[in-house]
């Protein structure tokens with residue numbers, strides 16, 4: 001879980017760095033608390049772009065460590081089905097965070113915005129996601145209002 005936490009933080013800091021730097025230089029923030037800035041200072045890098053490259057390299061290294069750890073756990077048959085599902089959800093969360101960070105206007109401004117088509121609510125979709133229609137053994141008990149914790 002530490003690797004996933006690190007990944008979420010690295011991705012967020014890469015995506016938000018330019019916005020945070022603008023706020024700092026514009027006087028809206030008193031300091032920058034961001035991994036890109038820390039990497040630049042610790043490694044005495046000459047510019048922001050080099051610091052972003054080093055931070056992105058660290059993100060890729062973290063992803064490799066995540067993959068290696070998952071492969072280790074799977075190869076030793078140390079995970080039960082519930083734990084496998086949980087780890088799958090963690091990986092999906094990390095991927096979703098990276099995707100959101102890349103396309104969100106929150107960080108990149110209007111230039112980064114991707115307009116999503118309006119999704120119309122269909123009766124079939126509502127019925128499909130209704131707690132009454134979710135099998136108890138589906139692995140998504142949280143949609144039925146029950147905890148996955150055992």
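Within segment 1-37, the residues that satisfy the criterion of being at pLDDT below 95, surrounded by 14 or more Cβ atoms within 10 Å (Cβ to Cβ), over 12 Å from the mean Cα position of the chain (by Cα) and in a helix (DSSP H, G or I) are 16, 17, 18, 19, 20, 21, 23, 24. For residue 62, the stated conditions hold: it is under 23 Å from residue 9 (Cβ atoms) and touching a residue at least 24 places away in the same chain (Cβ under 8 Å).
Residues of segment 38-57 include at least one that is exposed (fewer than 14 other Cβ atoms within 10 Å of the Cβ), at positive phi and either at pLDDT 95 or above or not in a helix (DSSP H, G or I) (or both).
Quick check on segment 114-126. Is at least one of its residues at pLDDT 65 or above and in contact with a helix residue (DSSP H, G or I) (Cβ under 9 Å, 6 or more places away or on another chain)? There is no residue in segment 114-126 that is at pLDDT 65 or above and in contact with a helix residue (DSSP H, G or I) (Cβ under 9 Å, 6 or more places away or on another chain).
The values are calculated or read from the model by the stated rules, or taken from the named source; none is laboratory data. For clarity, every value in this text was computed on a predicted model and none was experimentally measured. Heads up, the Cβs are rebuilt from the backbone with ideal geometry, glycines too, and the neighbour counts pull from every protein chain shown.
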